[in-house]
Amino acid sequence: MEIKVLKDYKELSYTVADIVEYQLQEQPLSRLILPTGSTPLGLYKELVNRELDWSAVMTYNLDVYIMNPDHPQSYQTFMKENLFNKINIYPSNCQFPDRNVQLYEERLKGIPVDLCILGIGTNGHIAFNEPGSSFDSRTRVVHLDEQTIQDNSRFFDSVDDIPTQAITMGLGTIMDSKKIVLMANGEHKLNILNVAMNGEVTEDIPASILQNHDNVKVFYCD
Ligand code: F6R
């Protein structure tokens, strides 16, 4: 698969913002899947600057930690602070997985998602589908990998605060999207990105499932 290498983080953020802007202009009633984490921060900043019309858009987040949604490090708080509170989206159109995983799947199943934006973990996870996740997996409660807990420790003051469980969309759920964009930044992601996009398609490298999708764009900057 082609990995498009971009000049810097600004170009990565702008390139994906262009894709989202085009999607919203072509189809104001779009359904989007959105990630959290450090990678999409520039994208969200750019989308806020562009003052797009989000009034008919529905969003579905990839995953949430199992923790109080009002906690400063929850993914619900992250999305509000970085995007939702700064655009004209209806709060009721912003969906997050919760323990009623069946309901989340049903909401997603009705009409296919138009555009899914992903980051990638250093162990090859997408959303919180850790290595070994079934390619058929759907939304469910998962235990986070040691590597993921370590990678995410930078966001928490104390080790005891780092969540060990999450609710994530499954790999099957993600693959139902019409279009997928994967963003990666930092040299520490380059090796896993190459392995996932051009190596064996295996459940040991969850992101490798994207090789089986016919509309995926992969962007990287160091
Ligand atoms: C978060 C998510 C994760 C992150 C991945 C990379 O919603 O889906 O798969 O995309 O852990 O995180 P960052 O961007 O912080 O390197």
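The values are calculated or read from the model by the stated rules, or taken from the named source; none is laboratory data. Small disclaimer: the values here were computed from a predicted structure and weren't measured. Don't worry about glycine lacking a Cβ; one is built from the backbone with ideal geometry, like all the others, and counts go over all protein chains shown. Side chains are part of the model used for accessible areas, which takes the heavy atoms of the whole protein and leaves out ligands, DNA and RNA. Shrake-Rupley method; radii C 1.70, N 1.55, O 1.52, S 1.80 Å.
Starting from the eigenvalues of the Cα gyration tensor, five times each then square-rooted, give me the equivalent ellipsoid semi-axes of segment 162-222, largest first, whole Å. Numbers along the way, then the final one.
On the way: eigenvalues 66, 59, 32 Å².
Semi-axis lengths for segment 162-222 are 18, 17, 13 Å.
Out of segment 167-211, which GluC sites (Glu not before Pro) are coil in DSSP terms and have no more than 11 other C-beta atoms within 10 Å? Mind dumping the intermediate values first?
Details: sites: Glu187, Glu200, Glu203; in loops: Glu200, Glu203.
Qualifying residues, ordered by number: Glu200.
Given segment 27-88, report the % of alpha carbon pairs whose separation exceeds 15 Å. Don't jump to the answer; show the numbers that get you there.
Numbers: 998 of 1891 pairs.
Tail of the P(r) past 15 Å holds 53 percent of the pairs.
The share of Cα pairs per 5 Å bin across segment 1-117, counted from zero up to the longest distance, runs 2, 11, 20, 25, 19, 14, 7, 2, 0 percent. Screening the chain for whole DSSP H helices of 24 Å or more along their axis (Cα) with average Kyte-Doolittle hydropathy at least 1.0 returns none. Across the accessible surface of the chain, with the other protein chains kept in place and a 1.4 Å probe, carbon and sulfur atoms take up 48 percent.
Rounded to the nearest 5, what % of the DSSP beta bridges within the chain are antiparallel ones?
30
The trypsin sites (Lys or Arg not before Pro) found in segment 1-49 that occupy coil by DSSP, while having at most 13 further C-beta atoms within 10 Å, are Lys7. Each listed q (0.31 Å⁻¹) maps to a log10 I(q)/I(0) for segment 1-48, found by the Debye formula over equal Cα scatterers with no solvent: -1.19. For the Cα trace of the chain, dividing Rg by the Kirkwood Rh returns an Rg/Rh value of 0.92. The mean accessible area for residues of the chain, using a 1.4 Å probe and ignoring ligands and nucleic acids, is 47 Å² per residue.
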